[in-house]
Structure formats: structure tokens, C-alpha cells
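**Student:** The structure's right below; bear with me while I get my questions together.
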Amino acid sequence: DSGVTQTPKHLITATGQRVTLRCSPRSGDLSVYWYQQSLDQGLQFLIQYYNGEERAKGNILERFSAQQFPDLHSELNLSSLELGDSALYFCASSVGPSPGELFFGEGSRLTVL
Amino acid sequence: EDQVTQSPEALRLQEGESSSLNCSYTVSGLRGLFWYRQDPGKGPEFLFTLYSAGEEKEKERLKATLTKKESFLHITAPKPEDSATYLCAVQANRGNTGNQFYFGTGTSLTVIP
């Protein structure tokens with residue numbers, strides 16, 4: 001058990017809809033990272049928050065947004081969903097602002113029909 | 001363009017048959033190279049960090065090495081429980097977009113009893 005909690009584990013929705021994925025980092029970790037993993041693309045970095053502030057940005061679509069709250073949990077919002085958004089979405093956390101030894105959650109599997 | 005390439009994509013070994021997995025990278029401003037293990041349906045689990053050419057790290061049957069252009073994960077006398085996907089990741093400084101963390105697509109290892 002990594003100590004990182006993600007909900008929901010599974011989510012099925014329709015194209016055009018909006019969903020929110022939630023992540024609670026390990027106790028004491030200040031950074032939260034979001035990754036998308038699909039079969040053909042591997043793990044793609046989306047965005048990082050450190051202590052409530054955006055720290056680094058990867059290939060995150062404009063339809064996607066994230067935030068980190070004062071209690072350090074984070075939410076990833078995916079809107080105007082398309083079939084191609086179907087993937088595993090992982091949250092990871094680390095103590096400091098630089099990635100490295102990341103602790104990953106079990107992931108949220110999103111299926112867009 | 002920053003790139004992380006892992007080979008082979010898949011590897012089948014007999015129990016006790018040693019081998020190596022390769023991770024080659026073309027990244028400027030490398031800050032570190034990381035190895036992770038991912039079991040099916042789970043989040044990646046941190047294994048090693050390597051920071052400079054010539055560095056080596058060991059853990060049980062695994063040994064990671066780093067050169068200026070690639071890293072190897074050597075598996076000595078593997079057991080069936082070593083079956084997993086092994087992911088390589090590099091951290092690079094990207095100025096105003098922050099530290100980026102690029103994952104390879106992984107090597108799927110199967111160890112046959």
C-alpha cells in the first residue's frame with residue numbers, strides 16, 4: 001500500500017460528459033502529480049501541484065483542469081469527454097517539489113462510451 | 001525532442017535465466033533516471049534513482065546502471081514473482097514549465113517457472 005488514495009476506481013460515462021477524479025496524497029507529501037496511461041502511449045505526465053500551487057505542466061489538454069486544496073488532496077476535472085480519453089489516470093505524490101521517488105495510487109479507470 | 005525508449009517491449013525468461021532491460025534516452029538537462037516496477041492493474045512502484053554516469057544501484061536480484069545515453073536493469077537469476085512491467089523514467093529541467101518527468105513505455109517481463 002503506497003498510502004496514496006484515488007477515487008473512484010472505475011468510472012464509465014458518455015462522450016461530452018464531465019467527470020472529477022480525486023486523489024489524497026501520502027501523509028506528509030506536499031506534491032501531487034497526475035498521469036494518464038493508455039495502452040498505446042504509456043504514462044503521460046499531465047500536471048503537478050506543490051503545496052497548493054501549480055508546479056509543472058505536461059501535455060494536459062485544455063478540456064482538463066486540476067487543483068490542489070488546502071488539505072493537499074487534489075482533483076482532476078475532465079470535461080467534454082471523448083472516446084480517446086478512456087485510460088487509466090494515476091495520481092502520485094512526493095515529499096518535495098521535485099519528482100523522483102513517486103508514490104502512486106491504484107489509479108482510476110475511465111471508460112468513455 | 002525528448003525521448004525515452006525501452007527495449008525489448010516484452011521478454012520471457014526461464015526461472016534462473018539472467019538478462020538485461022535497456023532504457024535509452026535523448027533528454028537535455030537530465031536531472032535523474034528512475035526505474036519503476038508496475039504490476040497489472042496497479043500503480044508503478046519505485047525501485048531506483050540514478051543521477052550520474054557510472055552510478056550503480058542494487059536491490060535483491062535487480063541491478064541498475066547508468067551511462068550518458070542509456071541505463072540497464074540487470075536481472076540475476078529471476079523468479080516468477082519478478083514478472084511485471086519495468087518502467088524507466090527521466091527527469092529533466094524545462095525552465096518555466098518546471099521539472100518534467102518522462103516515462104518510457106516499459107518492458108513486460110515474464111519469468112516462467
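**Student:** Among all residue pairs at least 6 apart or on different chains, which show Cβ distances below 6 Å where the first residue, located in region A:3-15, is within 14 Å of chain B (Cβ to nearest Cβ) and farther than 24 Å from A:Gly28 by Cβ and the second is at pLDDT 95 or above and assigned to a strand (DSSP E or B)?
**Tutor:** Pairs that qualify, where the first residue is within 14 Å of chain B (Cβ to nearest Cβ) and farther than 24 Å from A:Gly28 by Cβ and the partner is at pLDDT 95 or above and assigned to a strand (DSSP E or B), are A:His10/A:Arg109.
**Student:** In region A:66-99, what residues are in a loop (DSSP other than H, G, I, E, B) and in contact with a Phe, Trp or Tyr (Cβ under 6 Å, 6 or more places away or on another chain)?
**Tutor:** Answer for region A:66-99, where residues must be in a loop (DSSP other than H, G, I, E, B) and in contact with a Phe, Trp or Tyr (Cβ under 6 Å, 6 or more places away or on another chain): A:Pro97, A:Pro99.
**Student:** When the residues of region A:28-46 are narrowed to those that are of a type in the set (A, V, I, L, M) and in a strand (DSSP E or B), which ends up surrounded by the fewest Cβ atoms within 10 Å (Cβ to Cβ)?
**Tutor:** A:Leu46
**Student:** Scan region B:86-113 residue by residue and report those that are facing chain A (nearest Cβ under 10 Å) and either touching a Lys or Arg at 6+ places or on another chain (Cβ under 6 Å) or in a strand (DSSP E or B) (or both).
**Tutor:** Selection gives B:Leu87, B:Ala89, B:Gln91, B:Asn93, B:Thr97, B:Gly98, B:Asn99, B:Gln100, B:Phe101, B:Tyr102, B:Phe103.
Residue-wise test of (1) within 11 Å of another protein chain (Cβ to nearest Cβ); (2) touching a helix residue (DSSP H, G or I) at 6+ places or on another chain (Cβ under 6 Å); (3) surrounded by fewer than 20 Cβ atoms within 10 Å (Cβ to Cβ).
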site: B:Gln3; (1), (2), (3): no, no, yes
site: B:Gln6; (1), (2), (3): yes, no, no
site: B:Arg12; (1), (2), (3): no, no, yes
site: B:Ser19; (1), (2), (3): no, no, yes
site: B:Asn22; (1), (2), (3): no, no, yes
site: B:Tyr25; (1), (2), (3): no, no, no
site: B:Ser28; (1), (2), (3): no, no, yes
site: B:Phe34; (1), (2), (3): yes, no, no
site: B:Lys42; (1), (2), (3): yes, no, yes
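**Student:** Moving on. Which of the numbered conditions does A:Asp40 fail, given that it passes all the others? Conditions: (1) out of contact with any strand residue (DSSP E or B) (no Cβ under 9 Å at 6 or more places or on another chain); (2) modelled with pLDDT of 95 or more.
**Tutor:** (2)
**Student:** Considering only region B:61-79, I want to know if a residue exists there that is of a type in the set (Asp, Glu), exposed (fewer than 15 other Cβ atoms within 10 Å of the Cβ), within 14 Å of the chain's Cα centre (by Cα) and assigned to a strand (DSSP E or B).
**Tutor:** Checked against the condition, which is being of a type in the set (Asp, Glu), exposed (fewer than 15 other Cβ atoms within 10 Å of the Cβ), within 14 Å of the chain's Cα centre (by Cα) and assigned to a strand (DSSP E or B), region B:61-79 yields no hits at all.
**Student:** Restricting region A:99-113 to residues that are under 13 Å from the mean Cα position of the chain (by Cα) and more than 9 Å from chain B (Cβ to nearest Cβ), which is surrounded by the most Cβ atoms within 10 Å (Cβ to Cβ)?
**Tutor:** Here the answer is A:Ser108.
**Student:** Out of the residues in region A:51-65 that are facing another protein chain (nearest Cβ under 9 Å) and assigned to a strand (DSSP E or B), state the one that is farthest from B:Gln91 (Cα to Cα).
**Tutor:** Among those residues, the one meeting the criterion is A:Glu54.
**Student:** Write out, first by first residue and then by second, each pair whose Cβ atoms fall under 8 Å of each other, whose residues are 6+ apart or on separate chains, and whose first residue, in region B:48-73, is within 14 Å of chain A (Cβ to nearest Cβ) while the second is in a strand (DSSP E or B) and surrounded by fewer than 12 Cβ atoms within 10 Å (Cβ to Cβ).
**Tutor:** Partner pairs satisfying both residue conditions: B:Phe48/B:Lys59.
**Student:** With the requirement that a residue be buried (at least 16 other Cβ atoms within 10 Å of the Cβ), more than 23 Å from B:Val4 (Cβ to Cβ) and not hydroxyl-bearing (Ser, Thr, Tyr), what does region A:47-91 give you?
**Tutor:** A:Ala66, A:Gln68, A:Leu72, A:Glu75, A:Leu76, A:Leu78, A:Leu81, A:Asp85
**Student:** Now for a separate question. For the structure I just gave you, tell me whether A:Gly96 is within 23 Å of B:Arg37 (Cβ to Cβ), crowded, with 16+ Cβ neighbours inside 10 Å and at pLDDT below 95.
**Tutor:** For A:Gly96, the condition - within 23 Å of B:Arg37 (Cβ to Cβ), crowded, with 16+ Cβ neighbours inside 10 Å and at pLDDT below 95 - is not met.
The values are calculated or read from the model by the stated rules, or taken from the named source; none is laboratory data. Predicted, not measured: the structure shown is a model, and the values here were computed from it. Note that each Cβ is placed from the backbone with ideal geometry, even for glycine, and that neighbours are counted across all protein chains shown.
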